[in-house]
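Here the structure comes first, spelled out in C-alpha cells, and everything after it is commentary.
The values are calculated or read from the model by the stated rules, or taken from the named source; none is laboratory data. Not measured: the values here are computed from a predicted model. Reconstructed Cβ throughout: ideal geometry from the backbone, glycine too, with neighbour counts over all protein chains shown. All accessible areas refer to the heavy atoms of the entire protein, side chains included, with ligands and DNA or RNA removed. Shrake-Rupley method; radii C 1.70, N 1.55, O 1.52, S 1.80 Å.
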Amino acid sequence: MMAGMDKSIEELLLAKDKRRDLRVQRSERGCITLSFNLNIPGLPKSNESFHAFFSACLIELKNYLLSHRIVINNETVHCETDTAGDFFLAEIVDPDLTAIQIKNLCETFETNHPIGRLLDVDVVDEKGEPVSSGKAKTCFFCNNAPAIYCMRKQAHDYAAMRMKIELEISKYQDSRKKERVCKQLAILATQSLLHEVALAPKPGLVDRFDEGSHTDMDFSTFLNSTAALSVSFQKIADFGYDFSGADLKEAMPKLRLIGLDIEADMFAETNGVNTHKGAIFLLGFSIFVSAHLLSEDTFTNEKFVSLIQNMNGDLVARELGKKLYLGKETHGEVCYRRFGKKGQGIRGEIQAGMPCVFQKALPVLHEQFDTEEILNDKILNKGLTRALLAIISENDDSNILYRKGEDVLEKLKSRASACLQKCKSEGFEKSYKALIEFCKEERISPGGSADLLAVSYFMYSVNRQLVSNDLN
C-alpha cells in the first residue's frame, strides 16, 4: 500500500516537473503564456467528473479571453491529462495587453465563475516570470482562511474536501445541462412553428406564398406571432425542468397562467388575430413534459404520452362539458355540444395522448427523415407534406366542424387519405392540387391539423437532437 502511494507521489512530481519544463520552453520564445488547471486536493487529480468540468471551463475561458481580444495561438497548445490532473498551456498571439493586465482579467474570470476557486489560470510574461496579482484565494472548503494556509496546515480532511468538490461540480454541470436542454427545447418549438407555416403549398392554410382560405392573416402575421411566442417557450421549459411535485397535475395552474400570458403576447403582435392559440396549448404541454423527462434522463415517447394523459385526465368533460366562460359559447363548446366525441377538438386529442402525432405523423417523419443527415428545404417539404396529410386524414378538426359541419370534414379527411395513398405514385401532384382546390372552394382551413403538424415536428426533433444524439 505504502509502495503504491510512494509511486503515485513520484509520478505526480514527475508530471509537475514536466509542466515546469514546458513553461520554460515557452518562455524561451519570448511570448506571454497562459496555463489552466484545476485545484484538486489529494489523488487522483482527474476522473471522469473532473475532466468533464475542466473541458467545460476551458471552453468558457477561451471564449472569455476572446471577448477581450486575447487570442490563443492554437499551434502552441499543449493539453493533456496526467497524474497531476488536467492541464492546458498555450502562447498568446500578439497581445495588446500586458501580462499583468491579462492576469487581472483571468483573476476576474475565476472570481465570477460559480466555482472559480477550483480554477487556476496562470500567466507567465515574455521574460519567463510568473505574474501574480498579489491576491490570496480563499479556501474552497472553509471559505474563511487563505487557501494556501489551509493547504500547508492540512486543515481539512481530503476525503471531505473531495466530496464537497464533487458535489459542487455536479451542481454546476446540472445547471449547464438545464440551460442547454431548455434553450434547445425553445429553439425546437420555434423551429416547428416556422417550418409549419413555411411549408408550401398547403390545403387551405397560410404558407410562404399563399394565404390559403384566410383573409385576415398571411405569412408575415405568422412570423410576427412566432417571434412573440419564442420569447416564452424557454419559461415553460425551465418550469418543466425544475418541477419536482409528486403529481404533474399540480403544475397545471401555473402552466395555464404562462399560456395565457403567451396568448396575450400573440394577440398583441397580430392585432387580435388568432394565429397560434391551438399551437400554444399543444406545444406548451409538449415543452413542459419533454423538459421534465429530460431533466430525469427518462425521456421516451411512451412515457411522454402517459404523462400527457395523466396531466389532462378528463379534460374534455371539465372544460367543454361545463361552461367556463360567461356569455356566448366558445367555438369548442359549440362543437362539443353539436358533435359530441367528434367535436372534442384539441382537448380530446391531448386527453388521448395526441394519437395524431404519435400514431400518424411521427411514423411518417421517421420514414422520411431518419436516413437524412441534413434536413434541407426539399426534404422537409416532402416529409412535412406527407405528415400533414396523415394528420388531416385522421383529425376531427374543430375549425372545419364549427364552420362547415361534419359532411365537409369527412370529405376532407377522405380526400387527404386518398392523396396520402398516392404519395409514391405519379398521381400524387394531381391529387394534392385537387385537395388544395377543394379547400379553396369550401373556404376551409385545417388549422388544428397545422398545429398538430408543428407539434409532430417538435417531437421528432426532440427525439433526434436531444434523445438519440444524447445532447442533453
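Which log10 I(q)/I(0) values does region 239-297 give at q = 0.16, 0.20, 0.21 Å⁻¹ under the Debye formula, counting every alpha carbon as one identical point scatterer? Treating every Cα as an identical point scatterer, log10 I(q)/I(0) equals -0.54, -0.74, -0.79.
The H on the amide N of LEU119, modeled in the peptide plane, is under 5 Å from the matching H of ASN39, each at least 5 residues off or on a different chain. Rolling a 1.4 Å probe over the protein heavy atoms gives the chain an accessible area of 50 Å² per residue. Helical content of the chain, expressed as a calculated mean residue ellipticity at 222 nm, amounts to -19500 deg cm²/dmol (DSSP H runs of 4 or more residues, -39,500 (n - 2.57) each, divided by residue number, nearest 500).
To the nearest whole percent, what portion of all C-alpha pairs in region 41-157 is separated by more than 19 angstrom? Looking at region 41-157, the distances longer than 19 Å represent 53 percent of pairs.
The phi-based Karplus calculation (6.51 cos²θ - 1.76 cosθ + 1.60; θ = phi - 60°) puts the 3J(HN,Hα) values of region 208-216 at 5, 10, 8, 8, x, 8, 9, 10, 10 Hz, whole numbers, x for Gly and Pro.
Net charge dipole, the chain: roughly 960 debye, given to the nearest 20, about the Cα centre with Cβ charges of +1 for Lys and Arg and -1 for Asp and Glu.
For region 1-87, the convex hull drawn through the C-alpha positions has a volume of 96 cubic angstrom per residue.
Expressed in Å, the radius of gyration and Dmax of the Cα atoms of region 353-414 are 13.8, 43.
Taking every Cα-Cα distance in region 201-341 and sorting them into 10 Å bins starting at zero, the pair-distance distribution P(r) comes out as 11, 32, 34, 22, 2 percent. The tail of the calculated P(r) for region 61-111, taken as Cα-Cα distances beyond 17 Å, holds 40 percent of the pairs.
For the peptides 394-400, 107-113, 370-376, 273-279, residues were scored by their other Cβ atoms within 10 Å and the scores averaged per peptide; the highest-first order is 394-400, 273-279, 107-113, 370-376.
In terms of Cα atoms, the Rg and Dmax of the chain work out to 29.5, 89 Å.
Hydrophobic, long helices, defined as DSSP H runs whose alpha-carbon span along the helix axis is 30 Å or greater and whose mean Kyte-Doolittle value is at least 0.0, occur in the chain at 219-242. Building the convex hull from the alpha-carbon atoms of region 417-471 and averaging its projection over directions returns 5.1 nm². Dimensions of region 151-272 from C-alpha coordinates, computed as largest minus smallest value along each principal axis and given longest first, are 78, 30, 23 Å.
If you wrap region 320-472 in the convex hull of its Cα atoms and look at it from every side, the mean projected area works out to 10.8 nm².
Quick one: which of LYS328/LYS411; LYS378/LYS424; LYS342/LYS404; LYS277/LYS440 span more than 20 angstrom between C-alpha atoms? The answer is LYS328/LYS411; LYS277/LYS440.
Ignoring ligands, DNA and RNA, what percent of the accessible area of region 331-399 is carbon or sulfur (1.4 Å)? Carbon and sulfur together cover 44 percent of it. A simple charge model with +1 on the Cβ of Lys and Arg, -1 on the Cβ of Asp and Glu and nothing else charged puts the dipole of region 136-200 at about 320 debye relative to its Cα centre.
For region 109-197, the Kirkwood hydrodynamic radius from C-alpha pairs, put into Stokes-Einstein at 25 °C and a viscosity of 0.890 mPa s, yields a diffusion coefficient of 148 µm² per second.
The count of lysine pairs in region 9-152 with alpha-carbon distances below 19 Å, taking only pairs 8 or more places apart or on different chains, stands at 6. With no solvent and one equal point scatterer placed on each C-alpha of region 148-205, evaluate the Debye formula and give log10 I(q)/I(0) for q = 0.27 Å⁻¹, two decimals. Debye output, listed in q order: -1.01. Near GLU107: Cβ cut-off under 12 Å, other residues only, Lys/Arg at +1 and Asp/Glu at -1. The net charge is +1. Shown for region 214-329: the carbon plus sulfur share of the solvent-accessible area, taken with all protein chains present and a 1.4 angstrom probe, equals 52%. When ARG338, ARG208, ARG162 are compared by accessible surface with a 1.4 Å probe, the order from highest to lowest is ARG338, ARG208, ARG162.
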